[in-house]
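Right, one structure below, let's go through it.
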Number of protein chains: 2
Amino acid sequence: MMKTGFQRVARLVHHKALPRNPHLLPRLHQASAFGSSTDSLVARFCPEKTDLKDYAIPNASWCPDMLSLYQEFLEKTKSGRWIKLPSFKSNREHIQGLKLPSGLAAASDKQDWRIFTRCIQLEGQGYEYVIFFHPSEKKSVCLFQPGPYLEGAPGFAHGGSLAAMMDETFSKTAYLAGEGLFTLSLNIRFKNLIPVGSLAVLDTQVEKIENQKLYMSCIAQSRDKQTVYAKCSGVFLQLQLEEEPSQ
Amino acid sequence: MMKTGFQRVARLVHHKALPRNPHLLPRLHQASAFGSSTDSLVARFCPEKTDLKDYAIPNASWCPDMLSLYQEFLEKTKSGRWIKLPSFKSNREHIQGLKLPSGLAAASDKQDWRIFTRCIQLEGQGYEYVIFFHPSEKKSVCLFQPGPYLEGAPGFAHGGSLAAMMDETFSKTAYLAGEGLFTLSLNIRFKNLIPVGSLAVLDTQVEKIENQKLYMSCIAQSRDKQTVYAKCSGVFLQLQLEEEPSQ
C-alpha cells in the first residue's frame, strides 16, 4: 500500500478524469468538480446534535484578544453567513460514514487517534484554535493561540506549528468549499515570530478551483493587522468521499 | 515587541550587514558569514556530559525499520564523520548560555516549555525521531516515525506534522552547518501519505550559503526509496548567537 498510496489516488484522478492533454480536460464547474454542494458538506460536517466533544470552544487559557474576537465571529454566525466549525478529536469523527478513496483504507484498531492539531489536550499548552467558515465566499478565519508546547525559538511558536495550523485551516476550508481532500503543496514565507500565548489570525481563502485542484491562500497576522507572521499558498486535490455501505 | 520581532532582526541584518545594492555586499565565506566554525557549534550542541534527557534514543515504540537504520547510522558515527544529535525538551537547552538577537528576548518564566517536535512525551504516540548530522558535507538524515496523535487523514500522518519535522530538521542542520537561525520560507510538495507507525527517512542538505541565507533541500521517503512522501526546499536566515554575560 505504501508504494501506491496517495500517488495512486492522484494517478487515478489524473489518468481517469484528467488526461495529460489539457485540451481534453472535462469542463469543471467553478464551485466544485463533484456533486456535493457546500451546503450538504457543511450540514454533514457540523451536526446539530452530537455527543462528540468540540474542542473549538473557549477555555480559561484563551487570551483576551482570542476570546473577544471569538465572540465577534460568534455574533456573525447568527446571520447564517459565517459558520463556526466544530473540531473533534480525530478526522475519523469529521468524516463519519464516509470512506477514503481506494488504497487509503484507514486502520481500524483501538488506538487513541488524534488529529495532529488536537494532539495536546491540556488546555492552553498546545494548540488553541477555532475556525469560522464563510461558505458563499469560500473563506475562513482561524483564531490560533500557540501554547508553550509549540515552542521553536525560546518564547515563540515553532514555524512548523504555524505551518501545520495553516495546512489544517486550508484542509477544512478546501474540503467544505470544494471537496479538497489532500494537500499537494504548501509554500510558506515567514515574516515575524508569534509570541507563545498570543493570538494569530489566519485569513484563508480559496482563490480558484481548476482542474480538480483548489488553490488556497492564507495570511497570518496580529489582530490589528500591524504584524504579519506568515503568508502561505497551498494547492489541494479534490477527491470525493463515498458513503460507507450500511452495516 | 510583536511589531518589530523577527522583521526587526531581519532588518538589522539587511540594513547593517547587507545594504540594498548587492554590489556593496561584504564578501561572505561559503562556510559561514560569521566566526563560529561548524566544529565549535557541534561541540557546544552535543555536550559529552549532560544531565539533560536525550529524547532521540530508541524506545519500545520504534518500528524494526527505524531501529535497524538507527543502528546503522550509530555505527557510522564511530568514524567521526556522522554525529548523532541529542534532542532536548526545549531549544532553551540547546542554546544554553547563548542569547537571541536583540528584540527576541525569551520569556523566562517557569512554564513547561517544549520544542514543538517533542510536545508529546508518551512513547510512540507523537513524534519519534532522531537526526544524524554530517558536518563536512553539511547534510543530515532524520529518521521519523509519526504516532497516532499526528494523524491527518485516518491512519496517516498529517501533512503539517511532516512539514514541522522537515522544518525542525532544516533548523538543526542550518544552525550547525552555518548558524542558520530562522526559517524564512518553506516550499513543500506532498507526494504520498505516511502511514502512522512507519518510518520516513528525511535526507536533508544545505545546497548553498549566500548573502547570509542558507538554501536547504529535503526529500522524505521510505527506507527503500521506492515511495517519496514529500520534497521540500527551505531558506534560513543566518544570525549569530552571542554569549550571555556571566552572572
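The values are calculated or read from the model by the stated rules, or taken from the named source; none is laboratory data. Values in this document were obtained by computation on a predicted structure and should not be read as measured data. Note that we place each Cβ from the backbone using ideal geometry, even for glycine, and neighbour counts take in every protein chain shown. In case anyone asks, the SASA skips ligands and DNA or RNA and just uses the protein heavy atoms, side chains included. Shrake-Rupley method; radii C 1.70, N 1.55, O 1.52, S 1.80 Å.
The condition (being surrounded by fewer than 20 Cβ atoms within 10 Å (Cβ to Cβ) and aliphatic (A, V, I, L, M)) is satisfied by just one residue among B:Leu104, B:Leu122: B:Leu122. In this structure, is B:Phe144 more than 10 Å from chain A (Cβ to nearest Cβ), part of a strand (DSSP E or B), more than 20 Å from B:Cys63 (Cβ to Cβ) and open to solvent by less than 40 Å² (accessible area, probe 1.4 Å)? For B:Phe144, the condition - more than 10 Å from chain A (Cβ to nearest Cβ), part of a strand (DSSP E or B), more than 20 Å from B:Cys63 (Cβ to Cβ) and open to solvent by less than 40 Å² (accessible area, probe 1.4 Å) - is not met. Filtering the range A:201-219 for residues that are crowded, with 21+ Cβ neighbours inside 10 Å and closer than 25 Å to B:Pro101 by Cβ leaves an empty set.
Matching residues to (1) at pLDDT 85 or above; (2) touching a Pro at 6+ places or on another chain (Cβ under 7 Å); (3) of a type in the set (Asp, Glu); (4) in a loop (DSSP other than H, G, I, E, B):
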site	(1), (2), (3), (4)
B:Ala10	no, no, no, no
B:Ala43	no, no, no, no
B:Trp62	yes, no, no, yes
B:Leu67	yes, yes, no, no
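Would you mind finding the one in B:Lys89, B:Lys53 that is within 14 Å of chain A (Cβ to nearest Cβ), within 28 Å of A:Ala153 (Cα to Cα), open to solvent by 40 Å² or more (accessible area, probe 1.4 Å) and free of Cβ contacts under 8 Å to residues at least 60 places away in the same chain? Being within 14 Å of chain A (Cβ to nearest Cβ), within 28 Å of A:Ala153 (Cα to Cα), open to solvent by 40 Å² or more (accessible area, probe 1.4 Å) and free of Cβ contacts under 8 Å to residues at least 60 places away in the same chain holds for just one of B:Lys89, B:Lys53, which is B:Lys89. For A:Tyr129, the conditions (1) more than 20 Å from B:Asn192 (Cα to Cα); (2) modelled with pLDDT under 85 are fulfilled apart from (2).
Restricting the first member to the range A:191-214 and to residues that are at positive phi, and the second to residues that are polar (S, T, N, Q), the beta-carbon pairs closer than 6 Å and six or more apart or on different chains are A:Gln212/A:Gln238.
Looking only at the range B:166-219, residues that are more than 9 Å from chain A (Cβ to nearest Cβ) and under 16 Å from B:Gln145 (Cα atoms) come to 7 in all. Check whether at least one residue in the range A:216-233 is over 18 Å from B:Ala230 (Cβ atoms), aromatic (Phe, Trp, Tyr) and in contact with a Leu (Cβ under 8 Å, 6 or more places away or on another chain), and report yes or no. Checking the range A:216-233: at least one residue is over 18 Å from B:Ala230 (Cβ atoms), aromatic (Phe, Trp, Tyr) and in contact with a Leu (Cβ under 8 Å, 6 or more places away or on another chain).
Tell me yes or no: at least one residue of the range A:167-187 is among the β-branched types (Val, Ile, Thr) and open to solvent by 10 Å² or more (accessible area, probe 1.4 Å). Scanning the range A:167-187, I find at least one residue that is among the β-branched types (Val, Ile, Thr) and open to solvent by 10 Å² or more (accessible area, probe 1.4 Å), so the answer is yes. Considering only residues in the range A:220-235 that are closer than 28 Å to A:Arg92 by Cβ and facing another protein chain (nearest Cβ under 10 Å), the one that is most open to solvent (accessible area, probe 1.4 Å) turns out to be A:Val235.
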